[in-house]
Structure formats: C-alpha cells, structure tokens
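Notes follow once the structure below has been shown.
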Amino acid sequence: MFLAFMVGSAGCGKSMLTSALAEYLLEKEQDVCTVNLDPGAVNLPYNPDVDIRAYISVEDIQEEYGLGPNGALVMASDLTANYIEDLREEIEGTGAEYVLVDTPGQLELFAFRASGPFIVKGLSSDPKAIVYLVDAPFSANPLNFVSNLYLSVAAYTRILEPQLYVLSKVDLVDEDTREKLLDWFEDFDMLEADVESMIRDESLFIARSIVEGLKSLDIFSELIPVSAKTGEGLSSLSAALTRIFSGGEEMLEG
Ligand SMILES: Nc1nc2c(ncn2[C@@H]2O[C@H](COP(=O)(O)OP(=O)(O)OP(=O)(O)O)[C@@H](O)[C@H]2O)c(=O)[nH]1
Ligand SMILES: [Mg+2]
C-alpha cells in the first residue's frame, strides 16, 4: 500500500486533484481508494471510501463547545487523532494499492498542529509521500510564489516524508505564466532576479532572504504542471509517485 497526501493552501485544488487522480488511476486499472481527512468539507467532488466526517462533525463541535468556525476546525483537527485506529483499520480494509488522502483546507491545521504529523504516521506504516500543490493562478506573482514555497518547507519540516510538487490549475494560466512558474522552480536564480525586479516595496528584503534560504535546501525536485479539470499532467504525476514508491526501480528498468 502507498499513501499520497494532497497538501497545500486553502482552495489550491486538493479535493479536485484527489478526485481526478483517483479516476485516472481507476481507468488504468490500479487499485485505488480515497480518504477524506477534512472534517469541514461540505461538498466533495468524489465519494470518499474513508471519511473523517463519519466520526467528527464540525457543526456539532461548534454547538457543543460554543466555538466559532475556525476554533471548531482546530478542535476537529485535534480530535481526528482520537480516531486514528479506526481510520487505519478502514484504510487497511480497502486493500487498495494506492491510497489518496485529501487533507483539510487550512494547511496550517494539518501541518503545524501536533495532530497532523501524528495522523500521517498513524494512518499506516506503509510508504507515504506528500503531494504539495502550488496554485498556479495564485502563485503567478513572485511574492506569492516565494511565500508558497516557504510554506511547503514548513510543512515538510513537520511531516518529513518525500515531497513532490504539483503546479495545480494550469488550465487557468496562459503559456507565458506557466513557463515562468516552471522556470522559477527549476532555477531559483531566475526567481531571485524576478523578485528583485518585480517587488517594489519593503517585502523585497524578506522575499530575497527567503529565496536565499530556499536555494540552500535540496528538497525541490520537480514541479509537475497538472489540471484536475482537463486531466493534463495526471500521467506525469502518477509516474512520479510510482518512482517514489518503487524507489526508482521503474526508472532503472525503463
Ligand atoms: N479550472 C480549474 N479549477 C480548479 C482546478 N482544481 C480545482 N479547481 C477549482 O478551485 C476551487 C477549489 O478546489 P478544491 O479542489 O475544492 O480545492 P481544495 O484545496 O480542496 O480547497 P479546500 O479544501 O477548501 O482548501 C474549486 O472551485 C475548483 O473547481 C483545476 O485544475 N482547474
Ligand atoms: Mg478540499
């Protein structure tokens, strides 16, 4: 069994990608199951095989503890840890080879609270990877791009599983923007040059320091352009996951 966790900022396309990738893998006759870990999800574009909402209701928490929507989500996220054994059994019970895990809208809940890393470890002892989504339209300006990668490093630091990067919603950006985003990821010197030329206020100094920090890290392998809407890039993403999970065997054979 392999687990791939969809992680990224609110609205970056985690649920849509879970749905599209599951469909793609099913078509390829892969044994796949989907897990929803977002207790606050209202409408999901797929029918999760395992669903945290069967155990936890954000609405009930709000009422019971007199919390606002964000407080209730924080609490729900912490409570998820109590059901880890149930979730684990359910996941194992599916017998699926690929497990796609959709995570809560608020990345900080999942990545920064103690419960997130605990849940990742506790769901299964089988190999795992993080699919970090970089929202293409949102990240088209250099400051947002830099902040987003910074956030991804913060998530990585907590979860410490192999992390691969997806440029999500590529159907929403033009060819030039797409190339620019891919270039930035590929070559942080280009990113730095655009940070220098495009950021005009004091945030320049911070952005510059963060890019320096990013350059010294060796966790950015490739950024895979994907559209959950058109299906573009799903084959590359599934190939990249296979490479991680098979420890590169397929590459050697090919
Ligand atoms: N055009 C286009 N829209 C997309 C794509 N992926 C997601 N969207 C849209 O972006 C919005 C957010 O998508 P979701 O999949 O719900 O994103 P999410 O990360 O699960 O959102 P939260 O769980 O609320 O953080 C929805 O309106 C989707 O229809 C894509 O590949 N292309
Ligand atoms: Mg979602």
**Prompt:** Can you tell me which residues in the range 139-176 are small (Gly, Ala, Ser) and closer than 19 Å to Ala4 by Cβ?
**Reply:** Ser152, Ala155, Ser168
**Request:** Find the helices (runs of 4 or more DSSP H) located wholly in the range 140-254 whose residues include 2 or more that are within 16 Å of ligand 1 (Cβ to nearest atom), and list them.
**Result:** 142-159, 175-186, 234-245
**Prompt:** Exactly one of (1) aliphatic (A, V, I, L, M); (2) more than 16 Å from ligand 2 (Cβ to nearest atom); (3) touching a Lys or Arg at 6+ places or on another chain (Cβ under 9 Å) is unmet by Leu223. Its number?
**Reply:** (3)
**Asked** Going through the range 141-181 one residue at a time, which ones are surrounded by 17 or more Cβ atoms within 10 Å (Cβ to Cβ), over 18 Å from Leu217 (Cβ atoms) and among the aliphatic types (A, V, I, L, M)?
**Response** Leu143, Val166, Leu167, Val170, Val173, Leu181
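Matching residues to (1) modelled with pLDDT under 95; (2) assigned to a helix (DSSP H, G or I):
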{"residue": "Ser77", "(1), (2)": "yes, yes"}
{"residue": "Thr80", "(1), (2)": "yes, yes"}
{"residue": "Gly93", "(1), (2)": "no, yes"}
{"residue": "Ala96", "(1), (2)": "no, no"}
{"residue": "Pro104", "(1), (2)": "yes, no"}
{"residue": "Phe118", "(1), (2)": "yes, yes"}
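In the range 124-133, how many residues are surrounded by fewer than 24 Cβ atoms within 10 Å (Cβ to Cβ), touching a residue at least 24 places away in the same chain (Cβ under 8 Å) and farther than 18 Å from Leu217 by Cβ?
Looking only at the range 124-133, we keep the residues that are surrounded by fewer than 24 Cβ atoms within 10 Å (Cβ to Cβ), and these are 124-129.
The next check asks that each one be touching a residue at least 24 places away in the same chain (Cβ under 8 Å); those that pass are 124, 126-129.
In the following step, the residues that additionally are farther than 18 Å from Leu217 by Cβ were identified as 124, 126-128.
Residues in the range 124-133 being surrounded by fewer than 24 Cβ atoms within 10 Å (Cβ to Cβ), touching a residue at least 24 places away in the same chain (Cβ under 8 Å) and farther than 18 Å from Leu217 by Cβ: 4 in total.
Within 19 Å of Leu167 (Cβ to Cβ), under 14 Å from the mean Cα position of the chain (by Cα) and either of a type in the set (Phe, Trp, Tyr) or buried (at least 16 other Cβ atoms within 10 Å of the Cβ) (or both), is that true of Ala136?
Numbers: within 19 Å of Leu167 (Cβ to Cβ): yes; under 14 Å from the mean Cα position of the chain (by Cα): yes; either of a type in the set (Phe, Trp, Tyr) or buried (at least 16 other Cβ atoms within 10 Å of the Cβ) (or both): yes.
Here the answer is yes, as Ala136 does meet what is asked.
The values are calculated or read from the model by the stated rules, or taken from the named source; none is laboratory data. Treat the numbers as computed from the prediction; the structure is a model and nothing was measured. Methodologically, a virtual Cβ is constructed for each residue, glycine included, from the backbone with ideal geometry; neighbour enumeration extends over all protein chains shown.
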